[in-house]
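Structure, as structure tokens:
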Amino acid sequence: MSDHIRKPATLITGANGEVGHGLIEQLSQDGERNIIAIDLKPVDESIRASCMATIAGDILDKSLLDRLQSEFEIHTVFHLAALLSTRAEFTPELAHQVNVEGTLHLLKLAVEQSRWHGNPVKFLFPSSVAVYGLPDVSYKKKAGRVSEREWTVPVTMYGCNKLYCEHLGRYYATHYRQLAADSERRGGVDFRSIRFPGLISAVTVPSGGTSDYASEMIHAAAQEKPYACFVREDVRMPFMAMPDAIHALLTLASAPAASLTQTVYNITSFNPSAGEIRDIVLREFPHATISFSPDDKRQAIVDTWPEDVDDSAARRDWGFTPGYNLARAFDEYLIPGIRRLYNI
Ligand code: SER
């Protein structure tokens, strides 16, 4: 029998991704010892030591879920595994399997865990600005700061998947098996979701997203690689520095349930145009070669995402405030972090 039994644990899927890395490092600094990390590939060496258990496996694999169920007592799930918006367009059916069926498996696991240990399982789910779908650029300009309930008509498979999973989570949290006898009804899933803007990290470059141009531009400049940006210079969408995203996930996870008035919250930090990001990058790396060579199709996706989002509910209900505005994000986080990363 495993010696992991009966230790209340935190499960993190998609551990090797950008958010996974930051989250595991932060949780470990905060003293969380019982982290179970899952990724399709073996969990990265740099975060292994912070985990109680690491598993290379597929969240679609039923036997993996059975193993989790039998070996661990899980009280919190950060379900980060997903195929991002650009990658999902190449294999939409696979994206649906990973993004939706994978989430369903994890929700089911949370129900079973809660029944087993008798406590609610907190289920933290990163959703995305990709759940929005504005019809065209003129609507995007007029819409301004979009609230959670407006324009949720996504055009990407990833956006559809995220939006549906938000509903699935709300269903598991509040309406699960609503026709069953009382004793069988409550799912015990405490579902909480954040719609993230594009995330920019000083330590990892994202892969497969449509907001990746911001990170790619900065990391390319630091490595003295020419970069051709795949969106227009005037394109604007919300972004956030990675530490704020991690902090937000942890703050929402620890918020008292009674203070939460919705299951899904927008958050944002700054929303520069691609040209403004270029200008800041050039100030720091004057020899960088950055051009604009829009890919019409990826551009069209960003054109459906809002220029800005209204995050007043997150601010009101659980005290969200980003620590990094645009200037601080670059001056105090991205530039020093990237200089360290590339030794420059
Ligand atoms: N950053 C994600 C993407 O571009 C959106 O959540 O796919």
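The values are calculated or read from the model by the stated rules, or taken from the named source; none is laboratory data. Since the model is a prediction, treat every value here as computed from it, not as a measurement. Because the Cβ atoms are built from the backbone with ideal geometry, glycine has one as well, and the counts that use them run over all protein chains shown. Side chains are part of the model used for accessible areas, which takes the heavy atoms of the whole protein and leaves out ligands, DNA and RNA. Shrake-Rupley method; radii C 1.70, N 1.55, O 1.52, S 1.80 Å.
Of the residues Arg339, Arg283, ranked by 1.4 Å probe accessible area with the largest first, the sequence reads Arg283, Arg339. Computed with a 1.4 Å probe on the full set of protein chains, the accessible area for Glu32 sits at about 50 Å². Could you tell me which of Thr251, Ala288, Ala202 has its Cα farthest along the dipole of the stretch 198-337 towards the positive end, charges placed at Cβ (Lys, Arg +1; Asp, Glu -1), taken about the Cα centre? Sorting the options by dipole projection puts first Thr251. Listed by chain and number, the lysines whose alpha-carbon sits under 23 Å from that of Lys140, ignoring those within fewer than 8 places in the same chain, are Lys162, Lys297. Dipole of the stretch 298-344, Cα-centred, from +1 at each Lys and Arg C-beta and -1 at each Asp and Glu C-beta, to the nearest 20 debye? Approximately 340 debye in magnitude.
With respect to the chain, whose longest principal axis is taken over its alpha-carbon atoms, helix 18-29 is tilted by about 60°. With respect to the chain, whose longest principal axis is taken over its alpha-carbon atoms, helix 242-254 is tilted by about 30°. Could you tell me whether the stretch 36-178 comes out rounded, prolate or oblate from its Cα gyration tensor? Rule is a ≥ b ≥ c as square roots of the eigenvalues, rounded for a/c under 1.5, then prolate if a/b exceeds b/c, otherwise oblate. Cα axes put the stretch 36-178 in the prolate bin. Database remark: amide H of Ala228 closer than 5 angstrom to the amide H of Ser291 (H placed geometrically; neighbours at sequence offset of 5 or more, or on other chains; Pro and chain starts carry no H). In the stretch 121-182, Cα pairs under 8 Å separated by at least six residues give a relative contact order of 39 percent. Quarter the surface of the alpha carbon convex hull of the chain and you get the mean projected area, 17.4 square nanometres. How would you classify the stretch 288-344 from its alpha-carbon gyration tensor, with a ≥ b ≥ c the square roots of the eigenvalues: rounded for a/c under 1.5, else prolate if a/b is greater than b/c, otherwise oblate? Oblate, since a/c reaches 1.5 and b/c is not below a/b. Estimated purely from DSSP H runs of n ≥ 4, each contributing -39500 (n - 2.57), the mean residue ellipticity at 222 nm for the chain is -11500 deg cm²/dmol once divided by its residues. What a 1.4 Å probe finds exposed on the chain is 52% carbon and sulfur by accessible area, rounded to a whole percent. Here's how it looks for Ser147: its modeled amide H is under 5 Å from those of Asp310, which are all 5 or more places away or on a different chain. Considering only Ala81, Ala288, Ala49, the mean-square fluctuation computed in a Gaussian network model of the chain, springs between alpha carbons under 10 angstrom, is largest for Ala49. Contact order, relative form, for the chain: 18 percent (alpha carbon pairs under 8 Å, 6 or more residues apart, mean separation divided by residue count).
Of Asn99, Asn34, Asn119, which has the largest mean-square fluctuation in a 10 Å C-alpha GNM of the chain? Looking only at Asn99, Asn34, Asn119, the biggest GNM fluctuation is shown by Asn119. Let me make sure I get this right: for the stretch 1-113, a, b and c are the square roots of the gyration tensor eigenvalues over alpha carbons, sorted descending. Under 1.5 in a/c it's rounded, otherwise prolate if a/b > b/c, else oblate. Which is it? Since a/c reaches 1.5 but b/c is at least a/b, the shape of the stretch 1-113 is classed as oblate.
Might you report the magnitude of the Cβ-based charge dipole of the stretch 1-119 about its Cα centre, with Lys and Arg at +1 and Asp and Glu at -1, to the nearest 20 debye?
Details: 10 positive and 17 negative charges, 62 e Å.
So the magnitude is around 300 debye.
When the charge dipole of the stretch 61-172 is built from unit charges on Cβ atoms (+1 for Lys and Arg, -1 for Asp and Glu) and taken about the Cα centre, the candidate among Thr103, Gly118, Ser128 whose Cα reaches farthest toward its positive end is Ser128.
What is the sum of charges around Lys41, taking Lys and Arg as +1, Asp and Glu as -1, for the other residues whose C-beta is under 13 Å from the C-beta of Lys41? Summing Lys and Arg as +1 and Asp and Glu as -1 gives -3. For the chain, set up a GNM with springs between Cα atoms under 10 Å and report which of Phe292, Phe330, Phe191 has the largest fluctuation. Maximum fluctuation in the GNM of the chain, among the listed residues, is at Phe292. Against the chain, whose longest principal axis comes from its Cα atoms, helix 62-71 is set at around 60 degrees. Projecting the Cα atoms of Phe191, Trp151, Tyr164 onto the charge dipole of the stretch 140-213, computed from C-beta unit charges around the Cα centre, puts Trp151 farthest toward the positive end.
Overall, the chain carries a charge dipole of about 540 debye about its Cα centre when +1 sits on the Cβ of Lys and Arg and -1 on the Cβ of Asp and Glu, all other atoms neutral.
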